[in-house]
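Colleague: Before I ask anything, here is the structure I am working with.
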Amino acid sequence: MLHLRKALFAGVVGLSTLGLVACKDTVSVDAPAAINYHVERSWPEHFEEHRKHFEPKVYQIGEHKLWSINNPDDWAANSILIEGETGLIVYDTGLSHEHGEAILAEVRKLSDKPITHIFYSHHHPDHYNGTSGLVSVDDVKAGKVKIYAWENFVEEMNSEWGATAPAQVIRSVYYLGIALPEEDAHYHGCCGEKYGGRAGYIPPTDTFSEDTHITLDGVEMNIFYTGGEAKSEFGLYLPAYKTAVVADELFHSVPNIYTIRGAKFREPEGYMRAVDAVLHYDVEYLLGTHLVPIVGKDNIRQQVIKFRDLVQWINDQSIRYINKGYGIEELKAKFTEVPEYLDNGAFSTEMYGSFRHIAPQMFTGLVGYFSGDAIEYRPTEPVELARRHIELMGGRDRVFNAAANAYNDGDSQFAAELLTYLIRVDNDDMEARHLKAAAFRKLGYAELNTTWRSWYLTSALELDGVMSPSMVVEEMKDAVFAKLESKPAVEIIGGLRFRVKAEEVGGDHLVINYNITDSNEQVSAELRNGVLVVKPELHPQPQAALTMTRETFNKLVKQELGPLEAIKDGVIDFEGNPLKLRAFGKAFDENPFMERLAVR
């Protein structure tokens with residue numbers, strides 16, 4: 001049975017709106033007895049050198065009471081510490097409660113003052129999910145600790161892992177390489193090596209809506225909006241220290257303007273805006289939550305101007321060729337390397353972002369999926385198209401032999417493309433799957449970009465039958481419910497919208513009321529015309545009504561308790577037609593997660 005190498009990071013599963021998740025039907029696949037392809041494990045030359053940017057280290061900035069706590073205990077992000085007159089100010093709290101504890105351990109080597117102010121640079125989990133490891137909820141509630149974020153922080157956080165969270169959670173396993181065995185494990189191209197732990201998020205107490213000049217505990221600072229990799233992102237400028245602090249808009253790599261795990265469209269102008277803001281100030285020190293501090297005004301300008309211009313280059317040139325009629329595939333072929341005149345050392349290596357996937361996302365983000373060829377409107381169904389191609393090429397064995405020849409000739413990409421036809425018409429063609437897995441391993445071991453390396457190697461595991469998305473769900477289902485208690489019932493029930501089996505329920509009309517007494521939550525769920533309409537109020541004419549405590553509701557969601565059992569035992573007060581309640585329960589997919597990703 002699969003065991004994830006590291007716990008799936010807390011923010012992915014702990015704060016995703018998954019609805020009422022059922023994970024009972026998992027698939028257990030034994031590893032095949034023999035796989036006839038040996039692929040020698042290798043690492044690109046620059047891989048180990050680049051990893052050094054994420055070694056655990058604390059940097060004091062000049063002689064100031066200002067530190068960059070980089071990747072403590074190998075965790076995946078940095079935290080910036082500023083000592084004020086009576087307390088401490090922290091910019092970003094890490095990925096999990098345990099990451100927060102690691103930050104605090106370093107903080108206590110530097111100062112015994114209490115942490116009184118926290119900034120969440122933006123809504124990605126590795127920047128806000130470690131707060132409970134640094135401060136207590138009680139101190140925040142008592143006003144002893146202020147937590148600042150941009151005004152759209154909560155909205156962006158909820159929408160980042162919202163309706164498509166079941167897909168993004170699985171894709172993140174492939175993206176991060178969490179399921180890889182230790183011998184294939186590697187660091188993530190933006191960050192450190194360590195992921196996992198418990199969610200430690202504490203909501204913001206204060207927000208910013210515009211660029212602001214403030215003084216906190218004697219420390220003067222400018223808050224400036226960037227909105228680059230995340231729409232909720234902002235940086236700091238500390239004039240007394242001539243120091244700028246940014247988050248996910250400056251990396252020791254080409255930035256990840258598109259993330260292959262899946263996310264909302266990211267605009268390159270936001271990354272450029274962050275660098276322009278830094279250049280606006282008198283900066284001797286540049287700090288970042290994924291950055292080794294850069295020192296010296298001239299050095300900073302030289303490196304960040306070229307970084308900024310590289311981002312503008314891929315933005316402007318993508319648009320140039322989109323306007324010339326290039327589609328997604330042509331753009332992938334067009335942007336294959338960094339121009340020599342934009343070479344900028346680590347800042348221009350494709351360790352994290354890649355032009356091959358940034359340019360296509362520019363296309364889909366700006367003009368949609370359609371390239372202009374009308375065959376895309378009513379294409380031949382994928383399995384049928386694969387069947388016809390196989391027939392035209394002389395049948396299954398000839399296609400397989402051609403793929404094997406390509407593989408042996410060193411063309412793993414073409415081998416994998418041919419084998420995809422065979423696997424598409426027969427998911428159980430293990431001979432084709434094993435060879436495609438070997439092709440992916442060759443491509444993966446040669447790949448410099450860490451996210452694509454992870455994806456190739458994890459896909460190879462799925463193709464070999466060693467793991468599957470269903471098995472990943474079984475491993476992580478406890479973490480899926482980690483933050484359930486903090487979610488409003490209307491959000492949890494609202495997650496069912498995306499699981500309605502519309503083709504089965506058709507025009508059925510069902511109305512169910514939920515009255516959760518101790519948390520004073522009233523929710524109605526109306527199924528009509530193949531859609532579910534959820535409102536934070538009771539319907540005046542329900543066909544079934546359930547009254548319960550929040551604890552009981554949570555147990556229902558976790559499937560620790562069945563509704564009929566709870567009604568029979570008197571844990572739920574029920575009124576209405578039990579047949580309508582039963583019909584409502586059968587209207588939804590039992591498991592919202594994908595069954596396969598690479599086998600397709």
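The values are calculated or read from the model by the stated rules, or taken from the named source; none is laboratory data. Please read all numbers here as calculations on a predicted model, not as lab measurements. Neighbour counts are summed over all protein chains in view; Cβ atoms, including those assigned to glycine, are modelled from backbone coordinates with ideal geometry. Heavy atoms of the whole protein, side chains included, go into the accessibility calculation; ligands, DNA and RNA do not. Shrake-Rupley method; radii C 1.70, N 1.55, O 1.52, S 1.80 Å.
Colleague: Of the residues Gly410, Gly507, Gly465, Gly495, which single one is in contact (Cβ under 8 Å) with a residue 24 or more places away in the chain and surrounded by fewer than 20 Cβ atoms within 10 Å (Cβ to Cβ)? Talk me through it step by step, then tell me what you get.
Modeller: On the way: Gly410 fails: in contact (Cβ under 8 Å) with a residue 24 or more places away in the chain; Gly507 fails: in contact (Cβ under 8 Å) with a residue 24 or more places away in the chain; Gly495 fails: surrounded by fewer than 20 Cβ atoms within 10 Å (Cβ to Cβ).
Answer to the selection: Gly465.
Colleague: May I ask you to list the residues in segment 202-238 that are of a type in the set (S, T, N, Q) and in contact (Cβ under 8 Å) with a residue 12 or more places away in the chain? Don't jump to the end; show me each part of the working.
Modeller: Looking only at segment 202-238, we keep the residues that are of a type in the set (S, T, N, Q), and these are 205, 207, 209, 212, 215, 222, 226, 232.
Thr205, Thr207, Ser209, Asn222, Thr226, Ser232, listed by residue number.
Colleague: Which condition from (1) modelled with pLDDT under 95; (2) among the polar types (S, T, N, Q); (3) open to solvent by 10 Å² or more (accessible area, probe 1.4 Å) is the one that Ser172 breaks?
Modeller: Every condition holds for Ser172 apart from (3).
Colleague: Separate question: Has segment 580-594 got at least one residue that is loosely packed, with under 14 Cβ neighbours inside 10 Å and either aliphatic (A, V, I, L, M) or assigned to a loop (DSSP other than H, G, I, E, B) (or both)?
Modeller: Yes, because at least one residue in segment 580-594 is loosely packed, with under 14 Cβ neighbours inside 10 Å and either aliphatic (A, V, I, L, M) or assigned to a loop (DSSP other than H, G, I, E, B) (or both).
Colleague: Next up: Any idea which residue in segment 297-319 is nearest to the chain's Cα centre (by Cα), counting only those that are under 15 Å from Thr243 (Cβ atoms) and open to solvent by less than 30 Å² (accessible area, probe 1.4 Å)?
Modeller: Val304
Colleague: Sticking with this structure for a sec: Out of segment 71-121, which residues are polar (S, T, N, Q), at negative phi and in a loop (DSSP other than H, G, I, E, B)? Break it down stepwise before answering.
Modeller: Start the filter on segment 71-121 by keeping residues that are polar (S, T, N, Q), which leaves 71, 78-79, 86, 93, 96, 111, 116, 121.
If we keep only those that are at negative phi as well, we get 78-79, 86, 93, 96, 111, 116, 121.
Once the filter is applied, which keeps residues that are polar (S, T, N, Q), at negative phi and in a loop (DSSP other than H, G, I, E, B), segment 71-121 yields Asn78, Thr86, Thr93, Ser96, Ser111, Ser121.
Colleague: Ok, one more. Of the conditions (1) outside any helix (DSSP H, G or I); (2) under 26 Å from Lys442 (Cβ atoms); (3) modelled with pLDDT of 95 or more; (4) not hydrophobic (A, V, I, L, M, F, W, C), Pro379 satisfies every one except a single condition; which number is it?
Modeller: (2) is the only condition that Pro379 fails.
Colleague: Still on this structure: Among the residues of segment 89-114, write down those that are open to solvent by 10 Å² or more (accessible area, probe 1.4 Å) and aliphatic (A, V, I, L, M).
Modeller: Scanning segment 89-114 gives Ala102, Leu104, Ala105, Leu110.
Colleague: Could you tell me which numbered condition Tyr421 fails, if it satisfies all but one of (1) modelled with pLDDT under 95; (2) open to solvent by 60 Å² or more (accessible area, probe 1.4 Å)?
Modeller: Tyr421 satisfies every listed condition except (1).
Colleague: Now a separate question. Tell me yes or no: at least one residue of segment 443-455 is among the hydrophobic types (A, V, I, L, M, F, W, C), free of Cβ contacts under 8 Å to residues at least 40 places away in the same chain and in a strand (DSSP E or B).
Modeller: Looking through segment 443-455, none of the residues is among the hydrophobic types (A, V, I, L, M, F, W, C), free of Cβ contacts under 8 Å to residues at least 40 places away in the same chain and in a strand (DSSP E or B).
Colleague: Mind checking which pairs have a first residue in segment 109-122 that is more than 16 Å from Lys144 (Cα to Cα) and a second that is assigned to a loop (DSSP other than H, G, I, E, B) and aliphatic (A, V, I, L, M), Cβ under 6 Å, 6 or more apart or different chains?
Modeller: Between residues of segment 109-122 that are more than 16 Å from Lys144 (Cα to Cα) and residues that are assigned to a loop (DSSP other than H, G, I, E, B) and aliphatic (A, V, I, L, M), the close pairs are Ser121/Ala247; His122/Ala230; His122/Ala247.
Colleague: Let me ask something additional. I need the full set of residues from segment 525-545 which are under 27 Å from Glu503 (Cβ atoms), open to solvent by less than 40 Å² (accessible area, probe 1.4 Å) and outside any loop (DSSP other than H, G, I, E, B), in order please.
Modeller: Ala525, Glu526, Leu527, Leu532, Val533, Val534, Ala544 - these are the residues of segment 525-545 that are under 27 Å from Glu503 (Cβ atoms), open to solvent by less than 40 Å² (accessible area, probe 1.4 Å) and outside any loop (DSSP other than H, G, I, E, B).
Colleague: Please pick out the residue among Lys109, Lys65, Lys113, Lys52 that is among the basic types (Lys, Arg) and either touching a Pro at 6+ places or on another chain (Cβ under 8 Å) or modelled with pLDDT under 95 (or both). Please lay out each step first, then the result.
Modeller: Values: Lys109 fails: either touching a Pro at 6+ places or on another chain (Cβ under 8 Å) or modelled with pLDDT under 95 (or both); Lys65 fails: either touching a Pro at 6+ places or on another chain (Cβ under 8 Å) or modelled with pLDDT under 95 (or both); Lys113 fails: either touching a Pro at 6+ places or on another chain (Cβ under 8 Å) or modelled with pLDDT under 95 (or both).
The conditions single out Lys52.
Colleague: Name the one entry in Ile328, Ile294 that is under 30 Å from the mean Cα position of the chain (by Cα), free of Cβ contacts under 8 Å to residues at least 24 places away in the same chain and either surrounded by 15 or more Cβ atoms within 10 Å (Cβ to Cβ) or closer than 21 Å to Ser354 by Cα (or both). Lay out the reasoning, then the answer.
Modeller: Working: Ile328 fails: free of Cβ contacts under 8 Å to residues at least 24 places away in the same chain.
Checking each option against the conditions leaves just Ile294.
Colleague: Another question, then. So, in segment 162-176, how many residues would count as being of a type in the set (S, T, N, Q) and more than 13 Å from Pro592 (Cβ to Cβ)?
Modeller: Looking only at segment 162-176, we keep the residues that are of a type in the set (S, T, N, Q), and these are 164, 168, 172.
Among the residues that remain, those that are also more than 13 Å from Pro592 (Cβ to Cβ) are: 172.
Of the residues in segment 162-176, 1 are of a type in the set (S, T, N, Q) and more than 13 Å from Pro592 (Cβ to Cβ).
Colleague: When both residues are 6+ apart or on different chains and their Cβ atoms are under 8 Å apart, which pairs have a first residue that lies in segment 333-361 and is farther than 17 Å from Asp316 by Cβ, and a second that is open to solvent by 40 Å² or more (accessible area, probe 1.4 Å) and not in a helix (DSSP H, G or I)?
Modeller: Here the result reads Thr349/Leu448; Glu350/Leu448; Met351/Leu448; Arg356/Thr336; His357/Tyr258, each pair linking segment 333-361 to a residue that is open to solvent by 40 Å² or more (accessible area, probe 1.4 Å) and not in a helix (DSSP H, G or I).
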